[in-house]
Each structure stands twice: as structure tokens, then as C-alpha cells.
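Below you'll find the structure, written out as C-alpha cells, and then a few comments.
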Amino acid sequence: MKKKFENNIEKVLRWRAALCEAASLSRWHYKDGFPEYQFIRGIIRVVSSTKPNRTKLFVAKYPIGIDSRAEVVENLLDIKSNDVRGVGIHGLRGIGKTTTAKAVYNRVADQFEGSSFLMNVRENSRTDCSIIKLQEQLLSEILGSMECKVHSTSRGINVIKERLSCKKILLILDDVDKLGQIENFLGKCDWLANGSRVIITTRDKHVLTTLENYPLIYKVVQLD
């Protein structure tokens, strides 16, 4: 083959590179005599277990006025931009911060390689065990795997960074009231891959302004 195309060595090199790339792709080896239906079922099981969770969230029974709010936040996120961006949703208790964040999640989550919505971070960050559960939930939702074990909060921060730093992700931290609650998942917030987005809902605007990378802030106002 090489002699046949010795006058077009560039094409030979391209073919060689393509063959090397194909050989390095993950694959399943089929053995002669093995039932085909079992082989296919095994592939489906593996692919299904690793597919990121895209289930939409229940927003509200009567989501009146939510779409307009979600659209404002979505514009702030500017999904088409390849930078890393954070948006804070700030407002009084019960005004619709979480509901707005859920609506935004449903609108944009499919545009990311992985996404996670962590509810009630403030309430669920009272003990190390509860923080670890949230860290494991984050990893599980984005990686699509149920076997994401973390043994300490500090180690969990590093595991999240190591496993997710190459992925374009959407992360929503709901009801945060301390900077440390953000750091439990993002550390110094300096490792997110290009195109990633973080949304934080909080009653305390000061939490957002103390972040090193100051996020854009949307203040939820009361509906007419």
C-alpha cells in the first residue's frame, strides 16, 4: 500500500493517523459463538449507566411569570460565549429564586456536557456527612455514575476538580448563605472548563460580592 502511494506520502500519513486514532477508541470485543442479543444488551446497559442525567425538574404548579425571569437569567448566562461565567440570583425568602433557577436549568441543561442542581445547600451543609453527600450527588449527576464515593470534604473538593475540570458543566447551588458552602464544591473557582456556568441562589447579596470572580447578579423582584 505504501509503495502504491509513494508519490502521495501525505495521504499515507493521514491514513496512518486515522487508523491509530480508531485503534485507540474504546470498544467491545465480540467473541464468536456468544449470543448477539446478550452482547447488545451489555452495551446498552453500560451506555445507559454512563449517560448524564437530563431529567427536567418540576418547576411549579402554576409557573406564572417564571418564563420572563428565566429569560433574563439566561441572557446573563450568555451560553454561546466560551468564557466561564457565574450568575447570582438574589432576593427575599419565598420570592421565587429557586423556581427561577429550576426554569433556567430546564431551558439550558442540554447544552452542557454535564449538569447538577444542588437543592437547599445551606440546610444540607450543617455536617461533614451532609456536605459529602452533596459532593457525591454533584459527581454522580454530572458523570452519570452511581459509584462516586468521597471520604472527606477536603478530598471531595479535589475529586470534583480532577474529574470535572475537562468538562463544560452547568452547576446550580441553591440557597447559599456562606462563602464556604460554595468553596465546598468549587474550591477557589479557578478550574472550571471553558463554557461552564454556575448559578447561585441566595438571600444574602454579600455572599456573591465576596467571590473572587464577581458574578453577574439578578435581583428577583416581586411580581405585579
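The values are calculated or read from the model by the stated rules, or taken from the named source; none is laboratory data. Model, not experiment: these values are computed from the prediction. Glycine also receives a Cβ, built like all others from the backbone with ideal geometry; neighbour counts cover every protein chain displayed. These accessible areas exclude ligands, DNA and RNA; they are computed on the full protein's heavy atoms, side chains included. Shrake-Rupley method; radii C 1.70, N 1.55, O 1.52, S 1.80 Å.
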- Message: For a quick check: with amide H placed at 1.01 Å from N, whose amide H comes under 5 Å from ILE89's, ignoring anything fewer than 5 positions away on the same chain?
- Response: ILE200, THR201, THR202, TYR218
- Cα convex hull of region 75-191: mean projected area in nm², to one decimal? 7.3 nm²
- Message: Given Cβ point charges of +1 (Lys, Arg) and -1 (Asp, Glu) and nothing else, what value in debye, to the nearest 20, does the dipole of region 102-224 about its Cα centre take?
- Response: 100 debye
- Message: Distance cut-off 27 Å, Cα to Cα: go down the list LYS133/LYS188; LYS11/LYS167; LYS80/LYS133; LYS80/LYS219 and report the pairs above it.
- Response: LYS11/LYS167; LYS80/LYS133
- In the chain the accessible area split gives carbon plus sulfur, as whole percent at 1.4 Å, a share of 52 percent
- Note on the structure: GluC sites (Glu not before Pro) in region 112-172 lying in a DSSP loop, each with at most 10 other Cβ atoms within 10 Å of its Cβ, come to GLU147
- Item | Candidates per trypsin sites (Lys or Arg not before Pro) in region 146-224, loop by DSSP, up to 13 other Cβ within 10 Å | LYS149, LYS188
- What whole-number value in Å² describes the accessible area per residue of the chain for a 1.4 Å probe? 63 Å²
- the chain: relative contact order as a whole-number percent, Cα under 8 Å and 6+ apart: 26 percent
- Once the mean 1/r over all distinct Cα pairs of region 48-133 is inverted, what Kirkwood radius in angstroms do you read off? 14.7 Å
- Note on the structure: Expressed in angstrom and rounded, the centroid-to-centroid distance over alpha carbons for region 153-181 and region 123-138 is 11 Å
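Please report the projected area of the chain's Cα convex hull averaged over all directions, in nm².
That works out to 18.5 nm², a quarter of the Cα hull's surface.
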